[in-house]
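Single-structure report; data block below.
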Amino acid sequence: HDKVLGVGYSFEKDCMFVKLGKKLDREVKTKRQVLSWVHSMYDPLGFICPYVLKGRVFFQLINKENIEWNEMVPPELLRHFEKWKVNVHCLSSLTVPRWTAALGMEYATADLVMFCDASAIGYGMVSYVRRKLIDGGRIHVAFLTAKSHVVPLQMMKDPIEGQQWHNDSIPRLELCAAKLAAIWRDVLVR
């Protein structure tokens with residue numbers, strides 16, 4: 001096993017995986033440590049973006065409490081974070097083939113397939129390549145990339161009333177997800 005562009009790579013299996021370091025076992029107590037822990041998971045291709053999104057949501061909850069950087073996070077918030085954090089080791093079993101097609105694979109068509117969606121806490125997209133093979137018309141699908149974003153805190157509050165308002169505007173967030181997918185479609189098609 002080795003590391004390529006910050007992602008784990010297995011030469012034997014020709015697949016990429018999430019490389020977890022020892023730093024993910026460290027204790028987290030302050031706001032600064034929470035942010036450091038969440039951002040220590042390097043995921044340029046989006047293999048684990050649903051997992052990372054939840055960590056970013058926890059950090060937003062901490063930010064809402066106006067906690068200083070080196071101040072201890074309240075135990076009730078930290079308990080939920082720790083429950084999420086303990087599952088990080090499950091990610092080590094995730095592998096993604098490096099090639100989006102097998103050697104010698106002949107295909108009749110290749111399509112870029114994009115999915116996007118949004119919720120009250122975040123939005124994202126995922127892309128695949130779908131190939132229809134010449135031999136018998138079998139279909140081969142391979143993961144390309146995924147991205148996710150939390151809903152920004154300033155978007156969550158009505159500037160006049162100070163109340164949450166985006167929850168009744170999921171279509172607005174779905175448009176953000178569609179824009180993200182369109183941007184990545186353009187990147188992938190080039």
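The values are calculated or read from the model by the stated rules, or taken from the named source; none is laboratory data. No experiment lies behind these values; they were computed from the predicted model shown. For accessibility, only protein heavy atoms count, side chains too; no ligands or nucleic acids. Shrake-Rupley method; radii C 1.70, N 1.55, O 1.52, S 1.80 Å.
Details
- In the context of the full set of protein chains, residues of the chain present 63 Å² of accessible surface per residue (probe radius 1.4 Å, heavy atoms only).
- Listed pairs 29/83; 83/147; 13/54; 85/179 exceeding 25 Å between Cα atoms: 13/54; 85/179
- Using just its DSSP H runs of length 4 or more, each adding -39500 (n - 2.57), the chain gives a mean residue ellipticity at 222 nm of -10000 deg cm²/dmol after division by all residues.
- The listed residues 174, 106, once ranked by accessible area (1.4 Å probe) with the largest placed first, stand as 106, 174.
- The alpha-carbon atoms of region 14-54 define a convex hull whose volume equals 73 cubic angstrom per residue.
- Just the protein heavy atoms count here, and of the accessible area of the chain at 1.4 Å, carbon and sulfur take up 57 percent.
- Diffusion coefficient, µm² s⁻¹, Stokes-Einstein with Kirkwood Rh over alpha-carbon pairs of the chain at 37 °C and 0.692 mPa s: 173 µm²/s
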